[in-house]
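The values are calculated or read from the model by the stated rules, or taken from the named source; none is laboratory data. All values reported here derive from a predicted model rather than from experimental measurement. Please note: Cβ atoms are built from the backbone with ideal geometry, for glycine as well, and neighbour counts cover all protein chains shown.
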Amino acid sequence: MIDTNALLVEKILKLKKERNAVILVHNYQLGEIQDIADFVGDSLGLSQNAAKTEADIIVFCGVHFMAETAAITCPRMTILLPDRHAGCPMANMITAEQLRQRKKELPNATVVCYINSTAAVKAESDICCTSANAVKVVESIDNDEVLFVPDQYLGHYVSTKVNKKFHLWPGYCPTHVRIQPQDIMQLKRENPQAKVVVHPECRPDVTALADEVMSTGGMIRYAHRNDVQEMIVGTEIGIIHRLKKENPGKKFIPVSEQAVCPNMKLITLEKVLWSLEEMRLVVKVSEAIRLKARATVDKMLAIV
Ligand code: 13P
Ligand code: SF4
C-alpha cells in the first residue's frame, strides 16, 4: 500500500530545501506536522526562533497571530500560513478600536497584550507577553496599574503573582475553558502519583488545583525531569504527541479529550505542501502598524 503521508513529507522536505524555507510548528499541531518541523515550540520559542532564522521563507504551522508576529519581527522574510482560516478566537475578542476606547477610560494604565492578539492591538499596546513570560513582563513594568488584554484568565493568574492593580479584558480561550476542575479531581484520585500541570489560559478554579501552571514549552521541559513520571495535562491535547515522543515510558493523561483547538488542527501535510508550491497564504502587516507592533514585541524579547 502507498504511504501517502511519506510521499507528502518527501515532497515538502525537497521543496523546503529548494525554496530555503523553514517550518515552524506550534506544540498543538497534529503529530505529523510536528514531525516535519525545523522547530516545535510555544509562542515565545516560535517568535524567538523566527526572529533569528536566516531562511527566506517561514511556513508557520500554527494560528494567524503567530504567523503575524513573525511578519512583524522578520519583514525581510515571506511568512506563509497554510490555512487562512487558522485564527485564534481569543485574539479576535478585542479590536484596536475597542482598546483605544478602554485606554481613554484608563489613561494611567500600562497596556500589556498577550501575544494572542492582532498586530493592530499590539500596535496599541505598551508591551507584549506570552504565557511563558507574562509574570516577568508585568514585574518589569514601572507602573502599578496594568490593563491586560485579551485573556482575562492569564491576566488573573498574573495578578495573583504580582502586586499591581489589574484591569482585565473579558477575553478567554474557548478550548481551555473546556478543562473542568471536576475532571482534574477525578484524575487525581485515579492517578495519585501524577503531577497536575495546566496552562494559565485555564480558569482560576482549574489553576488552583495544579502543581504547576506553565506555558506549553514549560510543560515540555518539566516532563523531562526525573521526578516527573506521570503527568495530568491541562491544555490542548496536541501537546501529548510531543510529550510521549520525547519521554517514552512516562505516562501523560490529558484532562479532557474535548480540549481541542479546531483552528490549530486546520493545518495538514497537504496544505503545507500546497502552501510551499503556490507560495500562499502570505501573511503581511502594513508598515505603519508593523513598526508600532514591533516596538511592543521587541520590548518583550529584550526581557526574556
Ligand atoms: P503557548 O505559548 O503556551 O504555547 O500557548 C499558546 C496558545 O495559544 C495557548 O492556547
Ligand atoms: Fe487561541 Fe485557544 Fe487555540 Fe490557543 S488554544 S490558539 S488561545 S483558541
Given the conditions (1) in contact with a strand residue (DSSP E or B) (Cβ under 7 Å, 6 or more places away or on another chain); (2) of a type outside the set (Phe, Trp, Tyr); (3) more than 16 Å from ligand 2 (Cβ to nearest atom), which single one is not true for LEU13? (1)
Residue in the range 155-162 that is crowded, with 18+ Cβ neighbours inside 10 Å and closer than 21 Å to ASP298 by Cα present: yes
Limited to the range 151-170, what total is found for residues that are in contact (Cβ under 8 Å) with a residue 60 or more places away in the chain and within 12 Å of ligand 1 (Cβ to nearest atom)? 1
When you look at PHE60, is it aromatic (Phe, Trp, Tyr) and part of a strand (DSSP E or B), yes or no? yes
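Per-residue answers, yes or no, for (1) out of contact with any Pro (no Cβ under 9 Å at 6 or more places or on another chain); (2) more than 21 Å from THR130 (Cβ to Cβ):
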residue: MET185; (1), (2): yes, yes
residue: VAL213; (1), (2): no, no
residue: THR235; (1), (2): no, no
residue: GLY238; (1), (2): yes, no
residue: LYS250; (1), (2): yes, yes
residue: PRO254; (1), (2): yes, yes
Out of VAL282, VAL272, I need the residue that is more than 16 Å from ligand 2 (Cβ to nearest atom), closer than 30 Å to ALA51 by Cα and surrounded by fewer than 23 Cβ atoms within 10 Å (Cβ to Cβ). Which one? VAL282
Tell me whether the range 117-129 contains one or more residues that are within 15 Å of ligand 1 (Cβ to nearest atom) and within 27 Å of LEU269 (Cβ to Cβ). no
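Out of LYS122, LYS103, which single residue is of a type in the set (Lys, Arg), buried (at least 20 other Cβ atoms within 10 Å of the Cβ) and touching a residue at least 40 places away in the same chain (Cβ under 8 Å)?
The match here is LYS122.
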Kindly indicate which of VAL40, VAL112, VAL63 is surrounded by 22 or more Cβ atoms within 10 Å (Cβ to Cβ), away from ligand 1 (no atom under 13 Å from the Cβ) and under 27 Å from ASP151 (Cβ atoms). VAL112
Checking the condition touching a residue at least 60 places away in the same chain (Cβ under 8 Å), of a type in the set (Val, Ile, Thr) and surrounded by 15 or more Cβ atoms within 10 Å (Cβ to Cβ), which residue from ILE232, ILE220 passes? ILE220
Selection status of PRO89, within 17 Å of the chain's Cα centre (by Cα), closer than 21 Å to CYS61 by Cα, modelled with pLDDT of 95 or more and not hydrophobic (A, V, I, L, M, F, W, C): yes
What number of residues within the range 84-99 are away from ligand 2 (no atom under 16 Å from the Cβ) and surrounded by 16 or more Cβ atoms within 10 Å (Cβ to Cβ)? 2
Here's a check for you: in the range 43-60, which residue that is more than 16 Å from ligand 2 (Cβ to nearest atom) and of a type in the set (Gly, Ala, Ser) is surrounded by the most Cβ atoms within 10 Å (Cβ to Cβ)? ALA50
Could you list, in sequence order, the residues of the range 16-30 that are crowded, with 24+ Cβ neighbours inside 10 Å, more than 11 Å from ligand 1 (Cβ to nearest atom) and either over 28 Å from LYS244 (Cα atoms) or of a type in the set (Ser, Thr, Tyr) (or both)? none
Matching residues in the range 246-269 (within 16 Å of ligand 2 (Cβ to nearest atom) and either hydrophobic (A, V, I, L, M, F, W, C) or not in a loop (DSSP other than H, G, I, E, B) (or both)) number 9
Sort out which residues of the range 238-258 are within 19 Å of PRO181 (Cβ to Cβ), in contact (Cβ under 8 Å) with a residue 24 or more places away in the chain and either buried (at least 20 other Cβ atoms within 10 Å of the Cβ) or away from ligand 1 (no atom under 15 Å from the Cβ) (or both), and write them in order of number. ILE253, VAL255
Residue list for the range 1-43, filter: more than 30 Å from ALA259 (Cα to Cα) and either among the hydroxyl-bearing types (Ser, Thr, Tyr) or not in a loop (DSSP other than H, G, I, E, B) (or both): LEU7, GLU10, LYS11, LEU13, LYS14, LEU15, LYS16, LYS17, GLU18, ALA21
